2 protein chains.
Amino acid sequence: MRMVDIIEKKREGHFLSVEEINFVIQGYVQGKIPDYQVSAWLMAIFFQGMTDQESAALTKAMLESGDKIDLSKISGIKVDKHSTGGVGDKTTLILGPLVAACGAKVAKLSGRGLGHTGGTLDKLESIDGCRINLTEEEFINQVNQIGIAVAGQTGEIVPADKLLYALRDVTGTVPSIPLIASSIMSKKLASGADVICLDVKIGDGAFMKTIEDARELSRIMVSIGESFGKNVTAFITDMDQPLGHAIGNRLEVKEAIETLSGNGPEDLVELCTDIASHMIYYAKQAPTLEAAKAMALEKLNNGEALAKFNEFITAQGGALPELSHFIEVKEIYPFKAKKAGFVKQIKALNIGLTSMKLGGGRETKEDVIDPMVGVLLQKKIGEKVSIGDTLAFVYANHPVDSDILSTLEDAFFIVEYQVDKPKIILEVIS
Amino acid sequence: MRMVDIIEKKREGHFLSVEEINFVIQGYVQGKIPDYQVSAWLMAIFFQGMTDQESAALTKAMLESGDKIDLSKISGIKVDKHSTGGVGDKTTLILGPLVAACGAKVAKLSGRGLGHTGGTLDKLESIDGCRINLTEEEFINQVNQIGIAVAGQTGEIVPADKLLYALRDVTGTVPSIPLIASSIMSKKLASGADVICLDVKIGDGAFMKTIEDARELSRIMVSIGESFGKNVTAFITDMDQPLGHAIGNRLEVKEAIETLSGNGPEDLVELCTDIASHMIYYAKQAPTLEAAKAMALEKLNNGEALAKFNEFITAQGGALPELSHFIEVKEIYPFKAKKAGFVKQIKALNIGLTSMKLGGGRETKEDVIDPMVGVLLQKKIGEKVSIGDTLAFVYANHPVDSDILSTLEDAFFIVEYQVDKPKIILEVIS
C-alpha cells in the first residue's frame, strides 16, 4: 500500500477500505507517513467526505492508536456526556452529580478550555483544593463509592487524534464533519462509557453554524456509536446566547450550585434535566424517559443532587465553597443598555471573548486563568429592556477597558419588536 | 498574513491575491512555510481551481524564485518549444535545426526522460561526444554563431517548481490543470524565448487524457504567456500511437536525421513542419504561415536542415553518426501479428514501457540508459496487417522476455474493419 494511492483514491471520491484507513492512521502515529501526505489526504476528505463506514473505521483506527479506559471494574451502567463546546456551558458540573444521584455511574474524563469556550477542568480547579489529576485506581474507586468522578485525560488516550487535530488546525481541515465526528467519538469510546449523550451546539458561539451541519454531525456520531454497540443520543441545542447567566469559572460553579439547589435559570435547567432523563433512562434507573425527567427534577428540588455535588467535590479534595465569599473581584461593572426594546440575540462568541479578555480564559495553552472574573448576564433573549437597564455585570480585577466594552457592545442585539424566548433543545437524534 | 488563512480562502473557493500567492511561494522556497501546509493548499487548488489571473500570479511567483536566462545578448527573435511528453517524441531534434535553418534563433533548455517518456538530452547524449552541459557563455555564443544550442537546465532555474513538483508527486496533487500550466510556463518563461510553441499531447501515452483537459491547459498557458507579453501557440496533438516509427535513443536520432533528410514518416513530418511554420512566421522569417510551412518543407528537402543539424551536433562536440553502424544490438526481434485486420490503436504507454524495460529509459533517476535498444514500428494506425506480418522490430541487448512480449501484445489493437489514419494535429490554440 502506498499513501499517495490512498490520497488519490479519496481525491477521486472513492471509498477507502478499513485496511487503507488503518494504514494511514497507524503509519502516521508511527511516524512512517509524513505530515504533508496526511494533510493532503485530510483536504481530500474535506471535499469528498466519508461514508458512515469510513467514519467508523477512522474512529476505530484512532481509538486503537492508544490506551482505552477500562471501566469494567465499575459496577452498573456507565454514562458519559460530551458538549461540542459552548459559552457558559457548566452542564457537566450539574449533570454529573444529578444523574449520579439518580443511580447512574459517571466516570468522566474532561478537558480544559481554550479560546472563547471554557473547560470543565478549569471550573473544577477554581474550587480550592479540588484535584483533577486522579490516578486510574482513585478514579475507579471513587465512581464505585459515590457514583461520580471527573478527571483530566491522560497523555495516552487517542494519540492519533492529538496528532491529527494539531495538523488539521494549521492546514484548514478542521471543519469536516466526518473528521469532527471521528475525533469526538474516538475520545468518547476510549473513555469506556456504555451510554453517551452528545450536546451538539449550533449558533454564533458554536462550532456548527447551521442546523443541517449539526444534524449531519449528530447522525454520523450516533451511527459510529451504534457500530461499537454503544447507546448514543445527540441533542442539537441552541447557542444563540450563552447558556444560563454566568460566564467565568467561579461564576459558573456558583450557578451550577444554584441549579443543583433547584434555583437554576430556565434554559440551563431544561437542558440538564432533558439530557439527564436520557442518561437515567438508558442507565435503567427509570422505566420511561418521562419518569426519568421527573426523577431528575425531584433530585434538584429535594437537595439530593446538591448533596451528591458536595460529596463529589469533597472526594476530589475540594473545599466546599461558601457562596457569599466565593467570588471577590476589584470591580463589578454594570454594563447598561443604550437602547430600549427586546433582546434578540446575545452573541455567545463575544461574551466568551469578553470573559477571556478579563482573564477568565486562555488565549494560549500557557495562559493562567483568573477564576474570579467573568460576565453575569442580567437579560436574556426575549426579555424587555429599557435604556439604562443593566444588561450584564462584568466581574473584573483590572480596569474594564474600551476593547472589552466594545466586544460587549457588539454582543447584544436589541430590536423594537417583541421576541420569543428560544427553545434550548432543537432536536434529539438517536 | 497567515498560511492557514490562505488555505481556507482557497478551500472556500475564493480568489487569492498576487500578494497571497507570493507569500506562499516565497515562504515555501525560504523554508518558512512547511510542506504540510503547502500540500493542503495544493489539494484545495485541485478542487477549487485557479483563475487565469491566479495562474499567471503563481507562474510569476515561481519564475521569480530563481534565475532567469538572459537571452538579450542573442540577436533576433528567440523561439522555443515544449512538449508535455510523449513516446517517440524526437521533434526537438528536428524542429531545432529546421527552424534555425530558416533564420529563427533556438536557445533551448531541455530535460531528461523518466518513466515511459524519453528526454531530448538522453537522445543527444546517445551521440558520441555530444555535450549538453554548456556554460551560459558557450550557450549564448553558439546560438549567435549557428542559430541553435540545446543544453540541460541548471539547478537555479525555477527552484519553486522543483520543490512544488516533488511535493505534488507524493501528495496526489499532480493532475491540476492550473498547477500544470504554471509549472510548464514558469520554466518556459525563465528560459527567455520570445515565441513559444507548446505541444500538448493527448491520449493513452500522454498526461492529458481528454481533448477538454488539453484545451483548458492550452488556453491557460496561452493566457499566462500573454500576460508576460510572449507569443504562445499551443498545438493539441494525438498520442494514440507513438510519434513516427522509432522509440529508443539512437533509433530516434536516426529517424530525426532521416526526417531532416526529407525521408521522415508522415505524422512526424506534418507535426514538425506545422509547428515550425508558427515558429518561423512569428520569428518574422516568412510573410505568412503558408510561406513559412513551404520554407520548412524546402529546407527538409534541399539538405539545409540536415546541414544545420550536423553543424549543431559538431558545435556541441558530437561525432556525426554514420547511420549504417549507428545502432548495433545483440538481437533484432521481429514482433509479429497473430491476427489479421487493420491497426486501430498502438498504446504509446506500452511501447514506451517496452523501451524502458529493454534498458532504453529510466525507472528511477539513477538508472543508466542503453542508447542502442528500443522499438521500431513497422505498422501504424490505419495500416492493413496479415497474420505473421512484423508489427515492430525489438532492438535488444538482453533476451526479449515474456514480460516485454506481453507488454507489446497489449499495445496493438487490431480490428477487422478499415480504420482511417488519425490526424496528428487536432487543434491549434493561440
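The values are calculated or read from the model by the stated rules, or taken from the named source; none is laboratory data. In this text the structure is predicted, and so the values were computed from the model without any measurement. All Cβ positions, even for glycine, are placed from backbone atoms using ideal geometry, and neighbour counts span all protein chains on display. For the accessible areas, the whole protein counts, side chains as well, though only heavy atoms, and no ligand, DNA or RNA atoms are used. Shrake-Rupley method; radii C 1.70, N 1.55, O 1.52, S 1.80 Å.
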Inset, instruction - Can you tell me the dipole magnitude for region A:326-415 around its Cα centre, using point charges on the Cβ only (Lys, Arg +1; Asp, Glu -1), in Debye to the nearest 20? - result: 500
Inset, instruction - Please list A:Lys384, A:Lys9 in order of solvent-accessible area, largest first, computed with a 1.4 Å probe with all protein chains present. - result: A:Lys384, A:Lys9
Legend entry - List B:Lys73, A:Lys105, A:Lys68, ordered by accessible area with a 1.4 Å probe, largest first: B:Lys73, A:Lys68, A:Lys105
Inset, instruction - Would you mind listing the distances between the B:Thr390 label point and the same position in each other copy? Use 7 Å along Cα-to-C-beta, nm, one decimal, shortest first. - result: 10.3
Legend entry - Positive-pole candidate from A:His82, A:Leu243, A:Leu268, dipole of region A:78-315, charges at beta carbon: A:His82
Legend entry - Fraction of antiparallel bridges per DSSP, region A:78-315 only, in percent to nearest 5: 5
Legend entry - For A:32-39, mean number of other protein chain Cβ atoms within 10 Å: 6
Inset, instruction - Return the whole-Å distance between the Cα centroid of region A:397-415 and the Cα centroid of region A:181-254. - result: 29
Legend entry - Per-residue SASA entry for A:Phe46, accessible area with 1.4 Å probe, Å² rounded to 10: 50
Inset, instruction - Please give the FRET efficiency for A:Arg219 paired with A:Asp5, using the beta carbon to beta carbon distance and R0 = 35 Å, rounded to the nearest 0.05. - result: 0.70
Inset, instruction - Along Cα-to-Cβ, 7 Å out, sits the label point; list in nm, shortest first, how far the one on B:Val4 is from those in the other copies. - result: 2.9
Legend entry - FRET efficiency, A:Ile211 to B:Thr51 (Cβ-Cβ, R0 30 Å, nearest 0.05): 0.35
Inset, instruction - Using only atoms on other chains, find how many Cβ atoms lie within 10 Å of each Cβ of peptide A:45-55 and report the average. - result: 1
Inset, instruction - For every helix of n ≥ 4 consecutive DSSP H residues, a contribution of -39,500 (n - 2.57) applies; sum these over chain A, divide by its total residues, and give [θ] at 222 nm rounded to the nearest 500 deg cm²/dmol. - result: -13500 deg cm²/dmol
Inset, instruction - Pull out a ≥ b ≥ c, the square roots of the eigenvalues of the alpha-carbon gyration tensor of region A:78-315, then state rounded if a/c is under 1.5, prolate if not and a/b is larger than b/c, and oblate in the remaining case. - result: rounded
Legend entry - Förster-model FRET efficiency, 41 Å R0, B:Asn310 and B:Asp403, C-beta, rounded to 0.05: 0.60
Legend entry - the protein assembly as shown, dipole about Cα centre (Lys/Arg Cβ +1, Asp/Glu Cβ -1), debye to the nearest 20: 360
Legend entry - Of all DSSP beta bridges in the protein assembly as shown, antiparallel share, percent nearest 5: 50
Legend entry - Linear extension gain, B:Glu366 paired with B:Glu322, 0.36 nm per residue minus alpha-carbon span: 12.9 nm
Inset, instruction - Enter the mean number of other protein chain beta carbons within 10 Å of the beta carbon of each residue in A:389-395, as an integer. - result: 0
Legend entry - Exam field: B:Lys32 pseudo-label spacings to other copies (7 Å along Cα-Cβ), nanometres: 3.7
Inset, instruction - Given the options A:Gly85, A:Gly352, A:Gly27, state which has the largest fluctuation in a GNM of chain A using a 10 Å cut-off (strictly under) for Cα springs. - result: A:Gly27
Inset, instruction - Could you work out how far the C-alpha centroid of region A:40-72 sits from that of region A:294-349, in angstrom? - result: 37
Inset, instruction - Report the charge-dipole magnitude of chain A in Debye, nearest 20, computed about the Cα centre from +1 at each Lys and Arg Cβ and -1 at each Asp and Glu Cβ. - result: 240
Inset, instruction - Please tell me the relative contact order of chain A in percent, rounded to the nearest whole number, where contacts are Cα pairs under 8 Å and at least six residues apart. - result: 19
Legend entry - Choice from B:Tyr28, B:Tyr281, B:Tyr395 with maximal GNM fluctuation in chain B (Cα, 10 Å cutoff): B:Tyr28
Inset, instruction - With unit charges on the beta carbon (Lys/Arg positive, Asp/Glu negative), name the residue among B:Leu121, A:Thr210, B:Phe393 whose Cα is farthest towards the positive pole of the charge dipole of the protein assembly as shown. - result: A:Thr210
Legend entry - DSSP bridge pairs, chain B: antiparallel proportion in percent, nearest 5: 50
